[in-house]
Amino acid sequence: MTSRTLTILATLGSVALLLGAFAFQYIGGLAPCHLCLWQRWPHAAAIAAGALALAMPAVRFWRFLGLVAALTASGLGVFHTGVERGWWQGPTTCTGGGDLSGMSTGQLLDQILSSPVVRCDAVAWQFAGLSMASWNAILSFLLALIWAAALVKRD
């Protein structure tokens, strides 16, 4: 395959993952958590990098940026998976728990009202025992491999 074909494939992969996320949100009714939203941004960057790489094929930097974006999406997916499985603590903005002792009723109410509705440590959907975050980690890593192949390919 040519670097152009690989770039198109990697770019379309990020398009597909973003469209899937939006479909789960707007068609399936699954509101994204804070970490889910974080995972979308690298795919948007990969799409932009892909468009620029296709417009300026001699500039290898754009394929490198696509690789970095896909690896970032994969890393965020791994991090989110760890939060879901309780391997490590997630951001305080999207996980439950914490010390509530010593809080006044007003402070507790403020915390409840400022807390997000969707928790990052709860799996909203899974397939084959893997959550959306896990699938994003795997598929984004595969996209990173495609970006790497596009980067090293000399047409």
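The values are calculated or read from the model by the stated rules, or taken from the named source; none is laboratory data. Predicted, not measured: the structure shown is a model, and the values here were computed from it. Counting neighbours? That spans all protein chains shown, and the Cβs are built from the backbone with ideal geometry, glycine included. Side chains included, ligands, DNA and RNA excluded: accessible areas come from the protein's heavy atoms. Shrake-Rupley method; radii C 1.70, N 1.55, O 1.52, S 1.80 Å.
Results, tabulated for the structure shown:
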| item | result |
| --- | --- |
| Some residue of the stretch 64-83 being open to solvent by 40 Å² or more (accessible area, probe 1.4 Å) and either at pLDDT below 95 or of a type in the set (D, E) (or both) | no |
| Filter result (modelled with pLDDT of 85 or more and surrounded by fewer than 13 Cβ atoms within 10 Å (Cβ to Cβ)) within the stretch 84-110 | G86, W87, W88, Q89 |
| Pairs where the first residue, in the stretch 75-92, is in a loop (DSSP other than H, G, I, E, B) and the second is of a type in the set (S, T, Y) and at pLDDT below 95, C-beta under 7 Å, 6+ apart | Q89/T95 |
| Among (1) at pLDDT 95 or above; (2) of a type in the set (A, V, I, L, M, F, W, C); (3) within 15 Å of the chain's Cα centre (by Cα) - the single one L37 does not satisfy | (1) |
| Per-region count, the stretch 40-63, residues assigned to a helix (DSSP H, G or I), over 15 Å from L142 (Cα atoms) and in contact (Cβ under 8 Å) with a residue 60 or more places away in the chain | 1 |
| The stretch 134-155 residues that are outside any helix (DSSP H, G or I), paired with ones that are open to solvent by less than 40 Å² (accessible area, probe 1.4 Å) (beta carbon under 8 Å, 6 or more apart) | K153/S3; K153/L6; R154/S3; D155/S3 |
| Any hit, the stretch 39-62, residues being open to solvent by less than 30 Å² (accessible area, probe 1.4 Å) and in contact with a His (Cβ under 7 Å, 6 or more places away or on another chain) | yes |
| Residue that is least open to solvent (accessible area, probe 1.4 Å) [pool: residues in the stretch 20-32 that are in a helix (DSSP H, G or I) and touching a residue at least 24 places away in the same chain (Cβ under 8 Å)] | A21 |
| Matching option when the condition is assigned to a helix (DSSP H, G or I), surrounded by fewer than 19 Cβ atoms within 10 Å (Cβ to Cβ) and of a type in the set (A, V, I, L, M), among L35, L12, L6, L17 | L12 |
| Options L113, L142: the member that is at pLDDT 95 or above and open to solvent by 80 Å² or more (accessible area, probe 1.4 Å) | L142 |
